Each structure stands twice: as structure tokens, then as C-alpha cells.
């Protein structure tokens, strides 16, 4: 009796498609706002993917992408056996590792320090000051830093000569170039990177701090046992993304800073790909280089997420 009565009721339930369509109609204005973003990814991210086939072809402009003959993995063999690619690969890993070590904790530390400031006006001033560099392009910043560190008119070398030292051509010195790249990258991104951690801090229940104060916990212990554990899920996810991006590099920064004198330590995968693709017109090699970078990045993200999930409950999926 109950089964027979339940059958017509189940048949009257709307299907999944109708529920899906109803929700889209209900939130149609929100989806219209999302449409430009979807079009951006469709046009500039997904549609160009057909060009990946160039990595497996001996591209000739007169034949076009689909008319050019296939050459299997020859582009990858030539890429890995080349003289410049291993050097660019090594430089990319070193620079990305330094940026991960020094750049990843910096926004976390800044967010915690800002969270401890009780004077609201001063806090907003520091936040604004730390955000501003993010909105300046590397073209502008490269000119500014080259003036600051100029061996003839830079303020840094001015103080060095005042103290009796010899001027240093920082951007032409191999021993200084990586340090400048890492430090300027950290300086530019620390304020903007702290936003997501400040958002995580704002969601912490204030009653936890009140209970800790009653128990006699110092500010440092509150940070150690309440603030950091509460931020751990966000820190974990951001760390996975950071490790996945260790094979990538900031092309705009390196391209505007490096020169022939520091090629040995400054040439990275993105500048190498640009050089062989745009200046040497080796489109098959440049596509193979880009595909190689993306595959390694995907492997790193999956591996890091798997390891993190094994030792904690947090992860991307």
C-alpha cells in the first residue's frame, strides 16, 4: 500500500534537468554577471588549446597548423638536448624555490602583524601602503629599481661610496641578480597576498581569544595556538598552489630586469620560450616548452595535494 502510494509521488518529483533549469532562471542575473568571465576563459584559455598540436609537428607557416607534417616527439628531444633549456630549467627551479621559501611566509606574517594592530587608522595606512606595489607593472618598477640601484646615480651606490666602497652594478652582477629578483617579487606581492589571510583571520571566533586571555595566555601563545591553527586550511591550499607554480616564473619581471651580463643566472623557461618562439620563430619548440612546463606544474599540484591529504584533512579536492 505504501509502495503504491509512493510511486505516483515519486513520479511527480521534477527531474534534475528541470531543477537545474529552475535554479538558472532564478539566478539568471548572477549568471549574466559571470558570462564575461566565462567568455574570457573560453576565448583566451580553451580555444587556443588546439595549438598544442604544434608540439608534435614540424611547423611550416605555408602549410599552417593542420597542414604541417607530424614529427612525433622530435621537438621534445631537441628541446631537452639543447644547450640553453637545461640552464633555463635550473634557473627557473632555483628562483621559484627561493621565492617559495621567502615569499610564501611573508604574506602570512604580514597578515598576523596587521591583525595585532589595534589602531585602526594606522592599520589601514599600512594595508594601503603594502597593496600599492601590486598595481604597478614590472615595466614601471624595473625602471624605478634600475634607477635606485644604478652604479652611477643610484641612491644605494651613493651610500656605498660614502662609506668608502666601490659602486656595484647590481643588475649586471650574477651574484646579486637572483637576490634582487626574489626581494623585489616579495616586496611587490606581500601586501596583496596577505588579503586572503586577513579574510581567514576575520572569521576566527573572538570568544577563543577571550577564553585564552582568561586562562592567562600571552599574545604570542594566542597567535601560536589559535591564530595559526585557524589559518591552516587556507595556508594549506595556498601552499599547494605555490608548489604547483614552482615551475612557472614571472616573465614580466625577468624580461624587464635581465640582460646579457646575467643570462647565465637570469634566463628562465618563460624567457627561453619567448626567445625561441618569437625571435627565432621555432614555434614547434616553443609550444613543446610551454606544454612541458604545464605538465610538470600539473604533476606537482596533484602530488602535493595527495601528500597533504595523506597527513591532514585539507586539500583542493
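Structure notes:
- Matching residues in segment 34-60 - criterion: being surrounded by 10 or more Cβ atoms within 10 Å (Cβ to Cβ) and either more than 25 Å from the chain's Cα centre (by Cα) or under 16 Å from residue 286 (Cα atoms) (or both): 50, 51, 52, 53, 54, 55, 56, 57, 58, 59, 60
- For segment 211-232, the set of residues classified as part of a helix (DSSP H, G or I), over 31 Å from the mean Cα position of the chain (by Cα) and surrounded by 10 or more Cβ atoms within 10 Å (Cβ to Cβ) consists of 211, 212, 213, 219, 221, listed by residue number.
- The number of residues in segment 91-120 being modelled with pLDDT under 90, out of contact with any helix residue (DSSP H, G or I) (no Cβ under 9 Å at 6 or more places or on another chain) and part of a helix (DSSP H, G or I) comes to 1.
The values are calculated or read from the model by the stated rules, or taken from the named source; none is laboratory data. Everything numeric here is computed off the predicted structure, so don't read it as measured data. We place every Cβ from the backbone using ideal geometry, glycine too, and count neighbours over all the protein chains shown.
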